[in-house]
Amino acid sequence: MRRRSSVSAGLIRSSSVFILGAAVAAGLISCSAPMRDESPSAAASPSAAASASPTPTATPDPVLVPEGTASDNLPLFAAVTAKVWAGPDQVHGRAYVDALAAAGFAKDRMQVTADRTTVGNPVESLLFSVAWGDKECLIGQVGPSTGTPVTKVVPQLAEGRCLIGETRPIDW
């Protein structure tokens, strides 16, 4: 019996040494192997951020596209509208007409509503437009009731008009 016990004990000892050795080897390998960190924080490290950050580019100012569509010219129309809105003449139709004409829009294709109500108060909403080609209009709406300026492309009405109702003459 003793022989069997010593054989069993030897096998157990050999197996234990083998398992312990394998565990130690695995631990050493994992410590010496290069590790790749693919976590989101690795991408945000200073060295990764320095090499991966895009260089800022200036956004060009919108320009008039005479051969383009109304949609092509909406960015310029909106920029001019926003600039006038940011100034002292927020609800003065002439300021929008003059600024749009200065940006290259055809004054003879524009319409604008009155600045004052029939009783002489400032309007709550001012509309202005530029007919573009034979089918489209650039429309702007500003005023205290509107909040921020609204600009949009819409289809033209009959006879090349853009605005419904009474508009004031652009005779300056």
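The values are calculated or read from the model by the stated rules, or taken from the named source; none is laboratory data. Predicted model only: the values in this text are computed from it and were never measured. Here the Cβ positions follow ideal geometry from the backbone for every residue, glycine too, while neighbour counts run over all protein chains shown. Side chains are part of the model used for accessible areas, which takes the heavy atoms of the whole protein and leaves out ligands, DNA and RNA. Shrake-Rupley method; radii C 1.70, N 1.55, O 1.52, S 1.80 Å.
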Output the number of the condition that GLY140 fails; it satisfies all remaining conditions of (1) at pLDDT 95 or above; (2) more than 18 Å from SER71 (Cβ to Cβ).
(2)
For residues in segment 150-161 being within 20 Å of ALA101 (Cα to Cα) and part of a loop (DSSP other than H, G, I, E, B), which is most open to solvent (accessible area, probe 1.4 Å)?
ARG161
Go through THR118, THR146, THR113 for me and flag whichever is at pLDDT 95 or above and polar (S, T, N, Q).
THR113
For segment 139-158, give me each residue that is over 19 Å from GLN90 (Cβ atoms) and in contact with a strand residue (DSSP E or B) (Cβ under 9 Å, 6 or more places away or on another chain).
VAL153, VAL154, PRO155, GLN156, LEU157
Subset of segment 101-121 [farther than 17 Å from GLU166 by Cβ and open to solvent by 80 Å² or more (accessible area, probe 1.4 Å)]:
ALA102, ASP108, ARG109
The one condition THR113 fails out of (1) closer than 22 Å to GLU67 by Cα; (2) touching a Lys or Arg at 6+ places or on another chain (Cβ under 8 Å) is (1)
Being open to solvent by less than 40 Å² (accessible area, probe 1.4 Å), in a loop (DSSP other than H, G, I, E, B) and over 15 Å from LEU126 (Cβ atoms) is the filter here, so list the residues in segment 62-97 that pass it.
GLY68
Go through segment 138-172 and count every residue that is out of contact with any helix residue (DSSP H, G or I) (no Cβ under 7 Å at 6 or more places or on another chain) and closer than 21 Å to ASP72 by Cα.
12
Answer with yes or no whether VAL80 is modelled with pLDDT of 75 or more and not basic (Lys, Arg).
yes
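Each row is one residue, and each column tells you yes or no for (1) among the aliphatic types (A, V, I, L, M); (2) surrounded by 13 or more Cβ atoms within 10 Å (Cβ to Cβ); (3) in contact (Cβ under 8 Å) with a residue 12 or more places away in the chain; (4) outside any strand (DSSP E or B).
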position	(1), (2), (3), (4)
ALA99	yes, yes, yes, yes
GLU124	no, no, yes, yes
ALA131	yes, yes, yes, no
ASP134	no, no, yes, yes
THR148	no, no, yes, yes
LEU163	yes, yes, yes, yes
